[in-house]
Amino acid sequence: MNLPNKLTVLRVLLIPFFVAALLWDGGENMTLRYGAAAIFIVASLTDLLDGKIARKYNLVTNFGKFMDPLADKLLVCSALICLIELGEIPAWMVIVIISREFIISGFRLVASDNGVVIAASYWGKFKTTFQMIAVILLILGIESIKVVTDFFLWTAVVLTVVSLADYIAKNHKVLTEGSM
């Protein structure tokens, strides 16, 4: 197993530790919440690193193509669901974000069946960046920067919808014509 794939696996393995630290004592233990934020940051950075290393050293594998986006979704969705439980984010926002991920995954599956690979867009990358920053800020729960946290959260939701619309507009032929 190459280094990018090991980083992807590490990201998945960090999720239970992240969830445990965030939800321990109902999320009231700020030391553990800071630990959860640190774990989330490390896991998020592995996402950045694995892709860069894989492309730079031509270490792209089918395992990586499959697991990297799955690991990202598992990490972000786990965080968002935990934040609902802690009362830090409205459920409807998480439903919008997770729904987008299911729709995109479905599109990619259909495209793959037709031999078409659909790359991530810049909108999707911006969305992921804003989601990860929003999650970190929500975990930290610093009241004095609530306006900043709200900005990143709302921007993440808007970018989620925009990236979905862009994705559908660019790839609708996958569903309507069977191929692109």
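The values are calculated or read from the model by the stated rules, or taken from the named source; none is laboratory data. All figures in this text were calculated on a predicted structure; none of them were measured in a lab. So basically every Cβ, Gly included, is an ideal-geometry build from the backbone, and we count neighbours across all protein chains shown. Areas reflect the complete protein model, heavy atoms only, side chains present, ligands, DNA and RNA absent. Shrake-Rupley method; radii C 1.70, N 1.55, O 1.52, S 1.80 Å.
Brief remarks on what is shown
- Within the accessible area of segment 45-160 (1.4 Å probe), percent carbon and sulfur: 70 percent
- The chain - mean residue ellipticity at 222 nm from DSSP helices (-39,500 (n - 2.57) per run, n ≥ 4, rounded to 500): -27500 deg cm²/dmol
- Choice from T61, T155, T129 with maximal GNM fluctuation in the chain (Cα, 10 Å cutoff): T61
- Rounded to the nearest 0.05, the FRET efficiency derived from the C-beta distance between I53 and T31 at R0 = 25 Å is 0.15.
- Förster radius 35 Å - calculated FRET efficiency between W24 and F102, Cβ distance, rounded to 0.05: 0.75
- Under 19 Å from the L3 label point (7 Å along Cα→beta-carbon), backbone N, segment 57-96: 57-65, 68
- The label-point distance for F63 and A165, in a model that sets each label 7 Å from Cα toward Cβ, rounds to 4.0 nm.
- Under the simplified labelling scheme, the D150-L109 pair shows an inter-label distance of 3.8 nm, with each label point 7 Å from Cα along Cα→Cβ.
- Label-to-label distance, nm, for residues given as K173 and C77 (7 Å Cα→Cβ offset): 3.0 nm
- Segment I41-A120, length gained on full extension (0.36 nm per residue, minus Cα span): 26.3 nm
- The residues of segment 27-180 expose on average 55 square angstrom of accessible surface per residue, using a 1.4 Å probe on protein heavy atoms.
- Sites listed here are GluC sites (Glu not before Pro) in segment 1-103 whose DSSP assignment is loop and whose Cβ has at most 12 other Cβ atoms within 10 Å: E28.
- Taking all pairs of distinct alpha-carbon atoms in the chain, Kirkwood radius in angstrom: 17.1 Å
- Per residue, the Cα convex hull of segment 14-105 amounts to 88 Å³.
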